[in-house]
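Visitor: One structure follows; several queries about it will come next.
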Amino acid sequence: MIPFLFYLYIFIFGCVIGSFLNVVIYRVPNKLSVSKGYSFCPACHHRLFPKDLVPVFSWLFLRGKCAYCGAPIAARYPFVELLGGFTFLLSFNRYGISLNFIIHALLLCVMIVISFIDIDTMEIPDGSHFFILALAAGSYLINQPELSSILLGGIVIALPLFLIAWLTHGGIGGGDIKLMAASGLFLGFANTLLAGIIGIIIGGFYAACLMLIKKREGKSYMALGPFLALGISIASLYGPQIIQAYLNLFF
C-alpha cells in the first residue's frame, strides 16, 4: 500500500508540474514572464483561482470551458498535465529516489515544452537549450561519463542535421540542430545516436503521411522538434536497454 501511495504522490506532483508546463508553453512564445503575474484565461483574461487550477480535475469539472466567459479550454491542457504526471512516474520508476530521477524528469519536462511550442510556432526557444545544457552539466558531475562520449554526442546527430540544413538552404530548422547538440551533451554518443534514429524514423513516417495529404490539401509543413524530443525522452529513460536488446539480435 505504501509503495502505491508513493507512486501516486509522484504522479500527482508530476501533474502539478505539468500545469506549470502549460504556463510556459503559452507564455514563452507570447513574450510573457513565467514567474510573475497570476494565471488567467487566454480568452477573457479573467484571473484564475486555485479552484480553477487543479490539474485535470478542474478541466473535467468545468467541462472544458472557462468558468467566467464560457470559452472552450483545449483538451491539450489536461493532456500536458497528465504527460507531466507520467513523466515523473516513468523517471522515478527508472531511477528511484536519486538526483538522476530529478535531472531526467526535468529533461523530459523540457521535451514536453519544446514539443508543444514547436507545434504552435515552428520554433524552439533558445532558453530551452540553455536549460538542457545546465542539466547536462549536472548529469556529468553526478555520473562522470567518458568525456569523449559526451563530446561525440554533441555532434553525432547535430552535425548531419546542420549539413542537411546547409545543403537544402533551411530544410532543417536551427532549433532542431541546437536541440540535438545540447541533448547530445546530456545523453552521450550511443544514446544520442539512438534518439536521433528514433526521432527521424517516426518523423519521416509522419512526413510521408503529410505528403499524401498534401496532394489533396495543398502545401504542408511539419515540426521536427516533437519527434526528436520523443527520441531524446525514450533514449534518456531506456537507451542502454534498447541498445543492448538490439545488439543481442546479432551477437
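Visitor: I'm told GLU146 meets every condition in (1) among the acidic types (Asp, Glu); (2) farther than 16 Å from LEU224 by Cα; (3) crowded, with 17+ Cβ neighbours inside 10 Å except one. Can you identify the failing condition by its number?
Guide: (3)
Visitor: OK, next. Is it fair to say LEU152 is open to solvent by 50 Å² or more (accessible area, probe 1.4 Å), in contact with a helix residue (DSSP H, G or I) (Cβ under 6 Å, 6 or more places away or on another chain) and at pLDDT 95 or above? Steps first, please.
Guide: Numbers: open to solvent by 50 Å² or more (accessible area, probe 1.4 Å): yes; in contact with a helix residue (DSSP H, G or I) (Cβ under 6 Å, 6 or more places away or on another chain): yes; at pLDDT 95 or above: yes.
Yes, satisfied.
Visitor: Name the helices (runs of 4 or more DSSP H) wholly within segment 1-108 that hold at least 1 residues that are within 29 Å of GLY138 (Cα to Cα) and open to solvent by 60 Å² or more (accessible area, probe 1.4 Å)? Show your work before the answer.
Guide: Numbers: elements: 2-27, 57-61, 76-95.
Counting at least 1 such residues, we get 2-27, 76-95.
Visitor: Looking at MET122, MET111, can you tell me which residue is at positive phi and in contact (Cβ under 8 Å) with a residue 60 or more places away in the chain? Walk me through how you get there before you give the answer.
Guide: On the way: MET111 fails: at positive phi.
Unique residue meeting the criteria: MET122.
The values are calculated or read from the model by the stated rules, or taken from the named source; none is laboratory data. Keep in mind it's a predicted model, so treat the numbers as computed, not measured. Every residue, glycine among them, receives a Cβ derived from its backbone with ideal geometry; neighbour counts consider all protein chains shown. The protein model used for the area step is the full one, side chains on, heavy atoms only, and it has no ligands, DNA or RNA in it. Shrake-Rupley method; radii C 1.70, N 1.55, O 1.52, S 1.80 Å.
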